[in-house]
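In what follows, a single structure is set out as structure tokens and then discussed.
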Amino acid sequence: MAQFKAKRAWITGASSGIGAATALTLAERGAEVVLSARRLDRLESLAAKIRQTGGKAMVRELNVADRAAVQTLGRELEGSGGVDILVNNAGLMPLSPLLKGRVDEWDAIVDINIKGLLYVTHAVLPGMIARRHGHIVNIGSVAGQLTFPGGAVYCASKFAVRAISDALRKEVLSYDIRVTDIQPGAVDTELINSVKDPEIKQALTSEGSFFGPDARMLQAQDIANAILYALSQPLRMNVCELLVRPLSQEF
């Protein structure tokens with residue numbers, strides 16, 4: 001289980017859901033994990049769990065939309081050995097029709113899902129290029145493949161993740177750096193809690209819907225396993241995109 005021994009993995013949005021599951025999965029396989037998110041108490045609890053089983057974990061409170069804070073952490077990590085694996089997982093999904101003009105939510109989506117991903121990626125990229133080694137995993141979405149009512153801004157952010165991932169892959173392939181866009185469908189995480197529009201929330205969580213009480217959603221560990229698959233391939237191979245839907249999800 002020492003598959004990633006001597007590797008360091010920085011995971012954003014690590015306080016719950018996909019981020020936490022990924023951190024546990026990589027730590028179990030020998031990686032030192034850097035856990036960052038805004039909820040410090042959650043990170044400390046996760047780090048304690050990892051350390052109890054002999055794993056290595058570093059905790060840093062971080063809002064990825066804070067460019068200066070991201071740069072500071074990036075310099076700290078680079079000064080202590082750098083980052084081998086980056087999992088850009090931090091994100092939110094406050095869905096609403098454009099007509100309602102929930103501008104603060106639009107700004108948050110852009111700041112976290114797009115700009116935050118760019119800030120963190122840029123923080124590790126020079127070191128990866130210098131060492132000619134690294135793997136950047138971006139958590140996109142099925143919403144990066146299609147749109148739906150109420151999802152204009154969120155879908156745009158995930159289309160952006162897909163575009164950024166593919167363009168970055170072409171920029172860094174000559175340095176033997178791999179880039180993967182993981183695109184989950186409905187996953188049973190706290191992401192749905194970021195939906196504040198009451199009509200959209202009701203539609204998403206009602207009986208028979210993707211996030212309803214009878215939904216057969218993916219679990220966070222399913223996505224952690226997809227990330228592990230991409231990371232585990234031989235260096236000659238880059239899993240560029242991996243779209244993972246629940247069996248029952250049509251689109």
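Quick notes
- Contact order relative to length of segment 151-251, as percent, for alpha carbon pairs under 8 angstrom and 6 or more apart: 33 percent
- At a probe radius of 1.4 angstrom, the accessible area of segment 1-115 per residue rounds to 46 square angstrom.
- Using a probe radius of 1.4 angstrom, the carbon and sulfur fraction of the accessible surface of the chain is 53%.
- Rounded Å value of the spacing that divides the Cα centres of segment 88-137 and segment 199-251: 19 Å
- Taking label positions 7 Å along the Cα-Cβ direction at both Leu235 and Gln221, the computed distance is 3.2 nm, reported to one decimal.
- Scaled to the globular estimate 2.2 N^0.38 Å, the Cα spread of segment 1-121, given as radius of gyration, is 1.12.
- Residue list for segment 91-107, given a label point 7 angstrom along the Cα-to-Cβ vector of Thr205 and an amide N cut-off under 14 Å: 94-95
- Per-residue surface analysis assigns Phe251 an accessible area of about 100 Å², computed on protein heavy atoms at 1.4 Å probe radius.
- Note on segment 176-251: Rg/Rh from Cα positions, Kirkwood definition for Rh, rounded to two decimals, is 1.09.
- The chain: relative contact order in percent, alpha carbon pairs under 8 Å with at least 6 residues between: 18 percent
- Take the chain and mark each of the GluC sites (Glu not before Pro) that is in a DSSP loop with at most 12 other Cβ atoms within 10 Å; the longest unmarked stretch, sites excluded, is 1-206.
- The stretch between Arg131 and Ala2 holds 44.3 nm of extra length on full extension. This uses 0.36 nm per residue minus the Cα-Cα distance.
- Crossing angle, helix 117-131 versus the chain [Cα axis fit, 0-90 degrees, rounded to tens]: 20 degrees
- Solvent accessible area, Å² - Lys170, 1.4 Å probe, full protein context: 120 Å²
- Computed over segment 82-216, relative contact order equals 29 percent, with contacts defined as Cα pairs under 8 Å that lie 6+ residues apart.
- Total charge dipole magnitude, the chain, about the Cα centre, Cβ charges on Lys, Arg, Asp, Glu only, Debye to nearest 20: 760 debye
- Placing unit charges on the Cβ atoms only, positive for Lys and Arg and negative for Asp and Glu, gives segment 188-251 a dipole magnitude near 280 debye about its Cα centre.
The values are calculated or read from the model by the stated rules, or taken from the named source; none is laboratory data. These numbers were taken from a predicted model, which means no experiment stands behind them. Reconstructed Cβ throughout: ideal geometry from the backbone, glycine too, with neighbour counts over all protein chains shown. Protein only, heavy atoms only, side chains kept; ligands, DNA and RNA dropped before computing areas. Shrake-Rupley method; radii C 1.70, N 1.55, O 1.52, S 1.80 Å.
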